[in-house]
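Notes follow once the structure below has been shown.
The values are calculated or read from the model by the stated rules, or taken from the named source; none is laboratory data. Quick caveat: nothing in here was measured; it's all calculated off a predicted structure. Cβ: placed from backbone, ideal geometry, glycine included. Neighbour counts: every protein chain shown. Side chains included, ligands, DNA and RNA excluded: accessible areas come from the protein's heavy atoms. Shrake-Rupley method; radii C 1.70, N 1.55, O 1.52, S 1.80 Å.
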Amino acid sequence: MKFLKYTVFVILGLIAVVLLTALILPKTFHAEGSTVINKPNSEVFNYVKHIKNQENFGVWFKLDPDLKKTSEGTDGTVGYTYRWTSEKVGNGAQIITAIEENQRVSIDLYLMDSAEPATSYFTTKAVSENQTEVRWVVDGTMPYPWNIMSLFYDMNKDFEQGVQNLKTVLEE
C-alpha cells in the first residue's frame, strides 16, 4: 500500500512540475528557414505562392503519404483554402490572405484544428538575375499547457529542411 501511495505522489508531482514549467514558458512561437535558389525571382515566387506546391517540398507532407487533402478557390490567389486531415500529422488548413507579387505571399495557418491561425509567409528577393533568396516563416501562439512541447520540438529544423527541399525541387 505504501508503494502505491508513493507512486501516486510521484506521478502527481511530475504532473505539477510539467504544468508549472508550462506556465513560465512562452506561449508564442517563431520558426523560419531561408536559402538562396539559383533561379530568377519571378520563377521562385510563382512556385511558392501556390500552396499545393508545398506537397513537393514541405516536410510534413512526406511524413504522411495517406494525408487527405481538399481545396477551395484558385491556388495562388487570395482566398484560396487548402485543408488536410491526417492521423499522423494532425488536421489543418491554410488560407492565402495577401499577395505582393514577386515579394510576399501571406498565409493563415490553422494547425491541429485550432480556431486561431498562425501567420505564415514566404518572401522572395532577387539576389542577382538568376538567384533568389527565399524565407519561409511562421509565427503563432500555442495554448497552455501545450506550449510545453516547445521544449521537445524545434520547428525551425522543419522550415530549414523545407526550404532546402524547395531549392532541390526548383534547381532540378
Show me 60-68, 44-52 ranked by packing, highest mean number of other Cβ atoms within 10 Å first.
-> 44-52, 60-68
Keeping the other protein chains in place, figure out the carbon and sulfur percent of the accessible area of segment 21-119, with a 1.4 Å probe.
-> 51
Expected max-MSF residue from Thr124, Thr70, Thr132 in the GNM of the chain (alpha carbon, under 10 Å) is Thr70
To the nearest 0.05, what FRET efficiency results for Ser71 and Leu12 with a Förster distance of 45 Å applied to their C-beta separation?
-> 0.45
Using a 10 Å cut-off on Cβ atoms, rank the peptides 33-39, 15-21 from the highest mean neighbour count down.
-> 33-39, 15-21
Rough spin-label spacing in nm, given labels placed 7 Å along Cα→Cβ, for Ile24 and Val78 | 4.5
Theoretical gain in end-to-end length, Phe3 to Asp64 [0.36 nm per residue, Cα-Cα removed] = 17.7 nm
Result: in segment 6-137 the number of Lys pairs with C-alpha under 20 Å apart, spaced 8 or more or on different chains, is 13
By the DSSP-based rule, helices of the chain that are at least 18 Å long along the axis (C-alpha) and have a mean Kyte score of at least 0.0 are 2-24
Please calculate how many Å² of accessible area the chain carries per residue, with a 1.4 Å probe and no DNA, RNA or ligand atoms counted.
-> 60
